[in-house]
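Take a look at the structure set out below.
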Amino acid sequence: MLNIEEPVKLQFLSNDGLGGLTPDFLDQEQVKQVKRFHSTFADYKATPLVSLDNLAAKLNVKKIYIKDEAYRFGLDAFKVLGGAYAIAKLLCKKLGVELDEIDFNYLKSKEVKEEIGDVTFVTATDGNHGRGVAWAASQLGYQAIVYLPKGSAKRRVEAIRETGAKAVVTDANYDKTVSYAINKAEIEDWLIVQDTAWEGYEEIPSWIMQGYTTMADEALLQMELDGIDKPTHLFLQAGVGSMAGSVLGYYANYYDGKPPITTIVEPNDAACIFKSAFVGDGLAHNVDSDLKTDMAGLACGEPNPIAWQILRDFSKMNVKCDDSVAATGMRMLANPLGNDPRVIAGESGAVGLGLLTLLMNDSKLNEVREELDLNEDSVVLLFNTEGATDPINYQRIIWGGKGSLALNL
Ligand SMILES: Cc1ncc(COP(=O)(O)O)c(C=O)c1O
């Protein structure tokens, strides 16, 4: 393990246990079904894949691609891909039909509504997942109740309420808010649609992970159009790890057990995947902390055990880092070099780029860079998983930084 204190607090842990069975539930057959369903949404459109060529030249890699999920269905984040897919699967189960026989419009129909009756979907969220669930429920004519942890950004709460859902901010952290939502759902007989798994609750989070594969699949097709068969490197940010597990599991299947060299990135105080790798007994482990970080989407202390197994088997490196790594990535994306396109990336969306920049820059990290085989031939794929979902914090970070004025605008 490599510990760095300056210029920012960082820890690197290599993962030796490469390999294992590729996860069937993320194989091509499943992925095709998911994508077909997503493409039946009225507003479906692949999100942009941006190539930052000037930045790649500056950092001395061949290519940097960013899949920009800030454009997903006008919801500013990728999360709806999972929540909407899981709700659709749940409804299909109740209706006794197969998802590949129907489309989104059918689920919206009067006939379906009459058969299903009144259903309330409930979830806990840092914001993005809840907004996706609330949006999908409202599109299909159902009620949603969304619990958010203490300190949730006002705009993230409002965005959920704008869909017509009820949003409740608890006085607990993310993990405790999840437990609270589960309890409430049991008492009230609501349907819980949670983006993480626990014993006895695996089907819905697996559907959610399947839902996320659409963005990974789109990215591959977009890279192929640009003449790239396979990215050499992935940087995936993790909260509970469902997104990273989904994307890595998808690429592990697609490339016959040999996905790109993958680094999992987490905030210092919410690094449950890092901790699970560090303990090294093959199991998922929680971190018990305040989960304090600007990267609200990654502020989770309890890993999804299904995702953890994929990350354990197929990732190469675990990293935990300070918020300043994310802030650097946000500022770089907002202020592109030359004619590189501008990307609006929220706190949880930009950390991968911040880390890549450090790796290509800081001589203290030479060993890690060599271990990862990052060099002028590298084709790096990153996922900007959110736009400015908390616009106040976004502006504070972009306009702030060392030497800036303390503005109160
Ligand atoms: C913007 C954003 N990026 C990444 C993640 C991490 O996803 P996961 O919790 O599946 O690891 C989240 C989770 O909410 C998120 O909102």
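Out of Lys154, Lys113, report the one residue that is open to solvent by 20 Å² or more (accessible area, probe 1.4 Å), out of contact with any Asp or Glu (no Cβ under 9 Å at 6 or more places or on another chain) and touching a residue at least 24 places away in the same chain (Cβ under 8 Å).
Lys113
On the given criteria, is Ala42 modelled with pLDDT under 95 and part of a loop (DSSP other than H, G, I, E, B)?
yes
Could you grab me the full set of residues in segment 1-35 that are open to solvent by less than 40 Å² (accessible area, probe 1.4 Å) and either among the aromatic types (Phe, Trp, Tyr) or touching a His at 6+ places or on another chain (Cβ under 8 Å) (or both)?
Phe12 - this is the single residue of segment 1-35 that is open to solvent by less than 40 Å² (accessible area, probe 1.4 Å) and either among the aromatic types (Phe, Trp, Tyr) or touching a His at 6+ places or on another chain (Cβ under 8 Å) (or both).
Out of the residues in segment 16-58 that are among the polar types (S, T, N, Q) and over 21 Å from the mean Cα position of the chain (by Cα), which is farthest from Leu359 (Cα to Cα)?
Thr40
List, please: which pairs have Cβ atoms under 6 Å, are six or more places apart or on different chains, and start with a residue in segment 185-202 that is assigned to a helix (DSSP H, G or I) and end with one that is open to solvent by less than 20 Å² (accessible area, probe 1.4 Å)?
Pairs found: Ala185/Val122.
Hey, among the residues in segment 315-362 that are of a type in the set (D, E, K, R) and in contact (Cβ under 8 Å) with a residue 60 or more places away in the chain, which one's nearest to the ligand (Cβ to nearest atom)?
Just the residues of segment 315-362 that are of a type in the set (D, E, K, R), to begin with: 316, 320, 322-323, 331, 340, 342, 347, 362.
Keeping just the survivors that are in contact (Cβ under 8 Å) with a residue 60 or more places away in the chain gives 316, 320, 322, 331, 340, 362.
Working: Lys316: 18, Lys320: 14, Asp322: 17, Arg331: 17, Asp340: 22, Asp362: 24 Å.
If we take residues in segment 315-362 being of a type in the set (D, E, K, R) and in contact (Cβ under 8 Å) with a residue 60 or more places away in the chain, then Lys320 is nearest to the ligand (Cβ to nearest atom).
Check Lys320, Lys258, Lys275 and return the single one that is part of a strand (DSSP E or B) and open to solvent by 20 Å² or more (accessible area, probe 1.4 Å).
Lys320
Looking at (1) crowded, with 24+ Cβ neighbours inside 10 Å; (2) out of contact with any Pro (no Cβ under 6 Å at 6 or more places or on another chain), which is the one condition that is false for Ala252?
Exception for Ala252: condition (2).
May I ask you to say which residue of Asp217, Asp294, Asp290 is outside the structural domain of Leu90 (by TED's automatic domain parsing) and surrounded by fewer than 19 Cβ atoms within 10 Å (Cβ to Cβ)?
Working: Asp217 fails: surrounded by fewer than 19 Cβ atoms within 10 Å (Cβ to Cβ); Asp294 fails: surrounded by fewer than 19 Cβ atoms within 10 Å (Cβ to Cβ).
Answer to the selection: Asp290.
So Gly301 ticks every box in (1) touching a helix residue (DSSP H, G or I) at 6+ places or on another chain (Cβ under 7 Å); (2) open to solvent by 50 Å² or more (accessible area, probe 1.4 Å) but one. Which box is left unticked?
(2)
Looking at (1) open to solvent by 60 Å² or more (accessible area, probe 1.4 Å); (2) under 21 Å from Ile397 (Cβ atoms), which is the one condition that is false for Gln309?
(2)
Might you check whether a residue that is out of contact with any Phe, Trp or Tyr (no Cβ under 7 Å at 6 or more places or on another chain), open to solvent by 20 Å² or more (accessible area, probe 1.4 Å) and more than 16 Å from the ligand (Cβ to nearest atom) occurs anywhere in segment 69-77?
no
Tell me yes or no: at least one residue of segment 19-35 is in contact with a Lys or Arg (Cβ under 6 Å, 6 or more places away or on another chain), touching a residue at least 60 places away in the same chain (Cβ under 8 Å), assigned by TED's automatic domain parsing to the domain that holds Phe383 and outside any strand (DSSP E or B).
No, the conditions are met nowhere in segment 19-35.
Scan segment 225-250 for residues that are within 16 Å of the ligand (Cβ to nearest atom) and in a helix (DSSP H, G or I) and report the count.
9
The values are calculated or read from the model by the stated rules, or taken from the named source; none is laboratory data. Bear in mind the structure is a predicted one, so any value in this text is a computation, not a measurement. Positions of Cβ are generated from backbone atoms using ideal geometry, with glycine treated the same way; all protein chains shown enter the neighbour counts. These accessible areas exclude ligands, DNA and RNA; they are computed on the full protein's heavy atoms, side chains included. Shrake-Rupley method; radii C 1.70, N 1.55, O 1.52, S 1.80 Å.
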